[in-house]
Structure formats: C-alpha cells, structure tokens
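The structure under discussion appears below in the form of structure tokens.
The values are calculated or read from the model by the stated rules, or taken from the named source; none is laboratory data. In this text, all values refer to a predicted model and were calculated from it rather than measured experimentally. When we count neighbours, we look across all protein chains shown, and the Cβ atoms used for this are built from the backbone with ideal geometry, even at glycine.
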Amino acid sequence: MIVLKDIKKSYGLPKVTVDVLRGIDMEVAERDFVAVTGPSGSGKSTLLHIIGCLDRPTSGQYLLLGVDVSRKTDNELAEIRNRKIGFVFQSFNLLPKLIAWKNVELPLLYGGVEPNTRKKKALEMLEKLGLSHRTEHYPSELSGGEQQRVAIARALINDPAIILADEPTGNLDSRAGKEIIEIFKRLNEEGATIVVVTHEKDIAEEAGKIITIRDGVCQSGCY
C-alpha cells in the first residue's frame, strides 16, 4: 500500500541546510497496524507528513496504492488527502465553533456531498465510536478522549485507504489513551491500515509492526 524509496527531506535555512530524512526505504502493506517510533527530532512527524501528502520529499519516490504521488500537483495531492487518507493529530484540530457532528462532516463537505447525507454519515460514525450522546456538543464541552474520538470519526468519514495518527494519545491521560488505542486496534481488525507515530513504548507495542527511526534513517522494521 505504501512504498518509500530513498526518501530524503532537507530544509534550507540561512547559512545551513538541515537534513531531516536521510534516505528512508519503507513498506506498509494493506491492513498493517504500524507504529513509528524514535527519539525526538528523529524525523517521525516529517515522515508521516510525507506519507500523508502534507509535505513533499526533497528527493526519492513515494508510491501510494501503486501511484507515484511525489510527482502530483498540489491540487492532486489535496484530492488524495481528502479521499484516500484520514488524519488524527495530537491536538485534535477540531473547529471550536462547530458542534461534534459538524466537525465530523467536514471532509464530506469539502467533497461536495449533499447535506442530508453528510449529517447521516457523521451521526453514524459518532455512534460507532460511542458518542451518539455527544453529537450536539462543542469541543470545549468534551473531554480530551471524547475530542480525540470525534477526530477519529472525522478521519474515518470518507472511508480512507489509510489512517495516519501523529502522537494521538499525547494529550490524553493513560486511561483515555488506552481507549483510543483500543479503537485503532478494532478498526485494524475491521480492515483499516493504520500508521501511528508515537514516542510511548507501551502504545507502540500494541501495534502489529514497529518501525524505528533515528537521525532520519530507518533503524528497524521498515520491511
């Protein structure tokens, strides 16, 4: 499903170039549940952003579902992000002025789906994640764990080929974090392909495969 070939990423700063990824070769198969680990500054989030088409590699080739996305235009990448990839972030990234189901429907809104269908699918997704009683609440009225479940519902609403999560338990207490990982495990058992970036060892050990990144290079688990 995901094939990275000699992916490098550098950022040019005044008088210096910072090499964040130094040649990543990596594969993720369909229905994998992968945890990407490594110390701070190792390039984990940069790697996830490239996989999610939020950033482009400086060099190398990225194949997503057999398509070389490293050569796509910005508009084509936006279409891929909306239709093929679901994102879950540490900070939830919910819009504070929208109630839960309206946050969940956003990818469908951007995709031009008609209003009644959007609401129906959003409510169904929130029910699937145990939030049918919180659909009319604003993010500020939800706990951290509930906000992250709303974010997961939003990530799933377009039936994406892959779910990407960047430190999804980082802002949660241990109990809420465990609940979120159990949701990911259940989704994986139902057929979802999931890549989670985490620095928490116990979270990584819940995944079926662990990839370790250090100093912008893959140390283990990339194949």
May I ask you to list the residues in the stretch 174-193 that are of a type outside the set (D, E, K, R), over 21 Å from residue 127 (Cβ atoms) and out of contact with any Gly (no Cβ under 9 Å at 6 or more places or on another chain)? 174, 193
Select the helices (runs of 4 or more DSSP H) contained entirely in the stretch 87-133, then report the ones holding at least 1 residues which are at pLDDT below 95 and touching a strand residue (DSSP E or B) at 6+ places or on another chain (Cβ under 9 Å). 106-110
Is one or more of the residues making up the stretch 63-70 modelled with pLDDT under 90, surrounded by 15 or more Cβ atoms within 10 Å (Cβ to Cβ) and either among the β-branched types (Val, Ile, Thr) or not in a loop (DSSP other than H, G, I, E, B) (or both)? yes
Just wondering, is there one or more residues in the stretch 57-68 that are out of contact with any Ser or Thr (no Cβ under 9 Å at 6 or more places or on another chain), under 30 Å from residue 112 (Cβ atoms), without any contact (Cβ under 8 Å) to a residue 24 or more places away in the chain and among the small types (Gly, Ala, Ser)? yes
Taking into account only those residues within the stretch 78-110 that are of a type in the set (Gly, Ala, Ser) and without any contact (Cβ under 8 Å) to a residue 60 or more places away in the chain, which is surrounded by the most Cβ atoms within 10 Å (Cβ to Cβ)? 100
By residue number, the members of the stretch 164-198 that are among the β-branched types (Val, Ile, Thr), under 18 Å from residue 2 (Cβ atoms) and in contact with a Leu (Cβ under 7 Å, 6 or more places away or on another chain) are 194, 195, 197
Considering only residues that are among the aliphatic types (A, V, I, L, M) and not in a helix (DSSP H, G or I), look in the stretch 134-169 and name the one that is nearest to residue 114 (Cα to Cα). 157
Selection within the stretch 136-178 - under 24 Å from residue 81 (Cα atoms) and among the aliphatic types (A, V, I, L, M): 150, 151, 152, 153, 155, 156, 157, 161, 162, 163, 164, 165
Restricting to the stretch 28-62, what's the tally of residues that are surrounded by fewer than 20 Cβ atoms within 10 Å (Cβ to Cβ) and either closer than 17 Å to residue 84 by Cβ or aliphatic (A, V, I, L, M) (or both)? 8
